[in-house]
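Read-outs: derived from the displayed coordinates by stated rules, not from any lab. All values reported here derive from a predicted model rather than from experimental measurement. Here the Cβ positions follow ideal geometry from the backbone for every residue, glycine too, while neighbour counts run over all protein chains shown.
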Amino acid sequence: MKKYDFDELIERRGTDSLKYGICDEIFGTSDLMPLWVADMDFKTPDFIVEAIEKRLKHPILGYWNYWDSYHDSILWWMKTRHNWSVEKDWIIFSPGIVPALGLCVMAYSEKGDDVLVQSPVYHPFYYAIESQERNIVYNPLIEKEDRFEMDFEDLEDKLKKGIKLMLLCNPHNPVGRCWEKDVLMKVAFLCKKYNCILVSDEIHADLTMPTFKHNPTHLCAETIEEKANIITLMAPSKTFNMAGLATSEVIISDFELRKMFIHLTHNVLHMFNGNVLGAYALEAAYSEKGAQWVDELRDYVWDNICSMNVFLKENFPKIKTYKHEATYLPWLDFSAYGYSHKDLMHKLAYDCKIGFNDGMIFGKEGKNKMRINVALPKEQLLLALEGLKYL
């Protein structure tokens, strides 16, 4: 029997929601349904809110320090959900995955160095590199019918040329791939072979679809040396709809790489402790209650994706969908309509009244493609999609 209600309609307009509040700035109009930025229109679970409320009953919100059960909750979650035996000393706080990406670029490369990404990819990857005067090297994914694959021949050719750092998205955003173990094993091998540090963004690890299992990159590496070359970024923020609490974990098994990262967080930026409320929220999330909530969430999101695919196939067959394995952010291709990308964006926002993520922000491969957020009540999702009749 299902315990949680994901059909509940919650009004977010007029609150502090970025998703609803800056539509004019993003789309030029607020008269649309925002299906873009990756937060959900589902309630943050009650057990997380209750943990925050309990902490707020203490009248002092001063400097604080991590407690044993905070770390224990992360270790428990990694072991029970991902079969990964993480050690306490490997865990470092970051206020988010995007700050952690920037810190990794800062810590493990220098100005003028080359950093590799697999486009199309989450756009802050690009910002983390370019804003620090590093060079982006592209290893584009290969589109094969209804899914994307890695181009290993191109990857190795580029790693041979002295790439300092590779930013991997696992699971991949925006194409929704849940990378297989043998794929990640090969990536880990090549990066170590060519002395390229591998940073694996795994924020969507808990959002795999039924029949798919997340493979932590660190676990897929075959040797101790390959594992030591991997930095993993994870967080409860996407999974539990708590991005506003700015809490994530960086997992580094190698002492020297960990020391370099900690030097920045502790000595340079003084960000070694985050929001105390975020820490209590994380502990509440990484629990048995959290596991049940996530299982029900994934079922609901998968049902939304299946319903959307059926709806599009029956009513808008020109919109191409892809096999979706992870995240609540499917990738859609509108190329068959023949619009320029600019005109497509305008028609979707002003005529269809839907605010998608512009595919071009993820790379040039995103031309005439859009990323849609389906983490909302199905009633609202299908109602919004009806606007596509104005394409």
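Listed values, structure above:
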read-out	value
Vicinal HN-Hα couplings computed from phi for the range 73-80 (Karplus, 6.51 cos²θ - 1.76 cosθ + 1.60; Hz; Gly/Pro x)	5, 5, 4, 5, 5, 5, 6, 6
Euclidean distance of C-alpha centroids, the range 47-62 and the range 1-41, integer Å	26
Total formal charge among the other residues, if their Cβ is under 13 angstrom from that of residue 111, Lys/Arg +1 and Asp/Glu -1	-3
Nearest-20 debye value, the range 62-199 charge dipole, Cβ charges on Lys, Arg, Asp, Glu	240
Residue-averaged [θ]222 nm for the chain, counting only DSSP H segments that reach four residues, each worth -39500 (n - 2.57)	-11000 deg cm²/dmol
Cut-off 14 Å between beta-carbons: net charge of the residues surrounding residue 222, Lys and Arg +1, Asp and Glu -1	+2
GluC sites (Glu not before Pro) within the range 67-133: DSSP coil, no more than 13 neighbouring Cβ in 10 Å	87, 110, 133
Structure-derived percent of Cα pairs over 37 Å apart - corresponding label in (i) 49; (ii) 29; (iii) 20	(iii)
Under 12 Å, Cβ to Cβ, from residue 391 - net charge with Lys/Arg +1 and Asp/Glu -1	+1
Percent of Cα pairs exceeding the 24 Å cut-off, where the set is the range 139-268	31
Gap separating the Cα centres of the range 119-144 and the range 284-363, nearest whole Å	22
Cα lying deepest toward the dipole's positive end in the range 49-288, options 139, 60, 170, charges on Cβ	60
Counting DSSP beta bridges with both ends in the chain, the antiparallel % (nearest 5)	50
Selection of trypsin sites (Lys or Arg not before Pro), the range 7-96, meeting DSSP coil and at most 12 other Cβ within 10 Å	13, 57
Size of electric dipole in the range 13-104: Cβ of Lys, Arg +1 and of Asp, Glu -1, about Cα centre, debye, nearest 20	260
Charged-residue dipole, Cβ positions (Lys, Arg, Asp, Glu), the chain about Cα centre, Debye nearest 20	240
Charge dipole (the range 49-288, unit charges on Cβ, about Cα centre) - positive-most of 189, 122, 101	101
